Structure formats: structure tokens, C-alpha cells
């Protein structure tokens, strides 16, 4: 296939909005081979491994751990920042988006050029078991293992890989703030893991790491956790939190970690200029998705639903301003983000019915409805019609169960 056919970097906004990124079209086997090579290189000689979600929250956890272990800094120079950095989803999506790589124009970023004592292995909630398996296979015996900002939906998804990683590591700690099933949490703890789960309404994962490590952090790191929380919990009281989220969204994870360790939450001018340039496209993609928004009445709730490759929190906010109690943003890669409000706080229940999970007000999923490329072609042409229907049906189930519970109360 001609590379230009799958290169979405130069597409007009209207077409880029409805198609997945280049990463979607890469075979899983190719990605797995590259990830194996990168994990082996990162773990060679490392005394600590961190498996983390590569959003701003997960990467803040990595920054905190590298500071606590006095790891080296490798801050990039401004001229090293290219125009085609990896694009991943900015928000905490779940347990959110299982297909972040599919949204990327450059899905296979280069590994860190300087080896670290604290190795970073990026992972999504849907492939955390792969990262754990790589720690067991490539990590040195006796290392310290941390898992941050990730929550498995079922213990059996990670059981074998976690047990292998525990056998390799000298200690294993898991820091998170998502909604955990009690049985999953108990099983993870029984496997020999120090599990700390923060209140998802009060803390982000960086908060959990900050208070859990026995280390006297400087005020800069306390501020990093606080500003990260501002975006991750969608408080939006500090404008710098959007900068952190967008920078994590657009740049390489290794670069993000070292830049926030050097500069804290007040990013340098060359980073702010880079963010400003990228935001022009971001706003255009948001406008495309908002223009497609439709609204459905489900019980006592108004649900907004749309389709597009975009930053979903801003799109959800636009639908909220138009009267939505909950919002669904279906992505070209087949996944979807679900956002709630004070009126609707059961997003994780909706997502749980369609192969996902997350928070009461922020969740994500990918319905198991794609059997072949023809299904995806239909998805793009119809702007996610089948996915929309499946998720709206899940909303109806949750709302009906809520109504039945209220009637019997």
C-alpha cells in the first residue's frame, strides 16, 4: 500500500477529522516487535521500571519517581523538537481510550536516547499486561516495579503477567485513582502488590504517588501534582493544566517527563510556542466534531453524541453547554469517550457494558463490533453509526436500571 494513503499528517481537516491516524493501519505484530525492542533497551541495567499511562497524569508519576530515585535528566533542546511529534489523546481516558496509538500520526516514537535508572514503559489500560510481561522478560531480577494510572477491568486479564513481574521484581507498587472492582483490587494485593487507590473525585494518580513515596519532594513537584489534578479531574481552575495536558498529548512521553522535571508546570517559551501552533489544528478538529453533535433524550437525561478525531473533553464541554447531561465522542479508530456532569455520574457503568470502564464522570470503551476492515469502512462512511447505537443502548440499560432502583427504594 502506498504510504501516502495512510499518512494522515497532511490531510485537510475535514478528512482528517473522520479518519484514524497512521497508527491505526500498522499491524499489531509490527508495533509489538518495536515495543519489545524499546522495552528491552529501556530496561537494560535499570533498577526501576515504571509502567504508566502516557497521559499527563501517568507521566507526572514517572517524573516523581525519577526525582525520588535521583535519576538523570535529559532535557531536550528547543531545536530537537520536530513538527511531527507523536499525537496521543490528552485526557485520562480510562480507563479510557484503548486505541491511542491509532490516533497518532507518528505511532512509533523513538526510545529514550539516554538510559535511565528508572525505565518508562508506556501502556494503556487495555495492554498493561503486555508491559508487565516485558518487565518480567527483559527486566533485571530484583528491580523495583511501579504501575501508575492504570486499572485492569478484570484480574484474569493481568494475572499471569503480573505474577511473572512480581517474581522478577524485589518490590511492586501500584498507584492509581480510577474506579476499581473490589475483587480485582483484592487479587492484585494478594499477588504481592502494594496497591494504593486514591479517591477519583479528589486525587489524580500523581497525587497518590506524591503522598505514597517516602521522599521529601520540593514544592515544584507538589505543584506539578496539583496542576495535573486540575485537568485530570476536569476542574479547570488553573489554565496551566491545559498546557500540560496538550503537551503530553502532542509530544513524546520521554520528552514530557524531562521537561516538567526541569521547568515544572511553567513550561518554557519554546514549548508554549509549539503548543500554540498545534492548537490551531486542535481547535479546527474540535469544531468539526461539535458541528456533528446530535442529542437524544434517554429517561430524564439528555445525551449528546458525535463523531470525530478530536480532543474529547472540549467537545464534551461544548455539548454540555448545549444542554447535554452526558456526552459521547466516537472516534474513527472505533473507540469512544464518555463524559458526564453533576447530573449524570455513571459513565463508568455505561462503558462497562461496551468493553470499557473509567470514572463516574469520565470513561471510555471500544465496543466489540469490528470483525473486519469492511466494518471499519462502514464506521468511517457512516460516522460511527453502529458504535453510536450500541453505546446509546448501553445508556438506556443504565438509566432503566437506575429508574427501577428508584422505584423500589
Q | Three-way shape label, segment 285-402, alpha-carbon gyration tensor, a/c 1.5 | A | oblate
Q: Please arrange 302, 228, 251, 408 by counting, for each residue, the other beta carbons lying within 10 Å of its beta carbon, fewest first.
A: 408, 302, 251, 228
Q. Along the principal axes of its C-alpha atoms, what lengths does segment 300-352 span, in descending order and rounded to whole Å?
A. 30, 25, 15
Q: Can you tell me how much longer the chain between residue 273 and residue 373 gets when fully stretched, taken as 0.36 nm per residue apart minus their C-alpha distance, in nm with one decimal?
A: 32.1 nm
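With runs of 4+ DSSP H residues as the only contributors, calculate the mean residue ellipticity of the chain at 222 nm using -39,500 (n - 2.57) per run, divided by the residue total and rounded to the nearest 500.
Details: 16 runs with 183 residues, N = 409.
Calculated at 222 nm, the ellipticity per residue is -13500 deg cm²/dmol.
By the gyration tensor of its Cα atoms, with a ≥ b ≥ c the square roots of the eigenvalues, what is the shape of segment 333-389: rounded for a/c under 1.5, prolate for a/b over b/c, or oblate?
Values: a/c = 3.40, a/b = 2.22, b/c = 1.53.
Note, shape of segment 333-389 comes out prolate.
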Q) Using the alpha-carbon centroid of each, what span in Å lies between segment 386-405 and segment 340-365? A) 11
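What order, most packed first, do the peptides 303-312, 381-390 have when packing is the mean number of other Cβ atoms within 10 Å of each residue?
Values: 303-312: 25.1, 381-390: 17.0.
Answer by packing, highest mean first, reads 303-312, 381-390.
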Q) Which shape class applies to segment 216-311: rounded if a/c is under 1.5, otherwise prolate when a/b exceeds b/c and oblate if not, where a ≥ b ≥ c are the square roots of the Cα gyration tensor eigenvalues? A) oblate
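No lab work stands behind these numbers, since they all come straight from the coordinates. In this text the structure is predicted, and so the values were computed from the model without any measurement. Neighbour counts run over all protein chains shown; Cβ positions are idealised from the backbone, glycine included.
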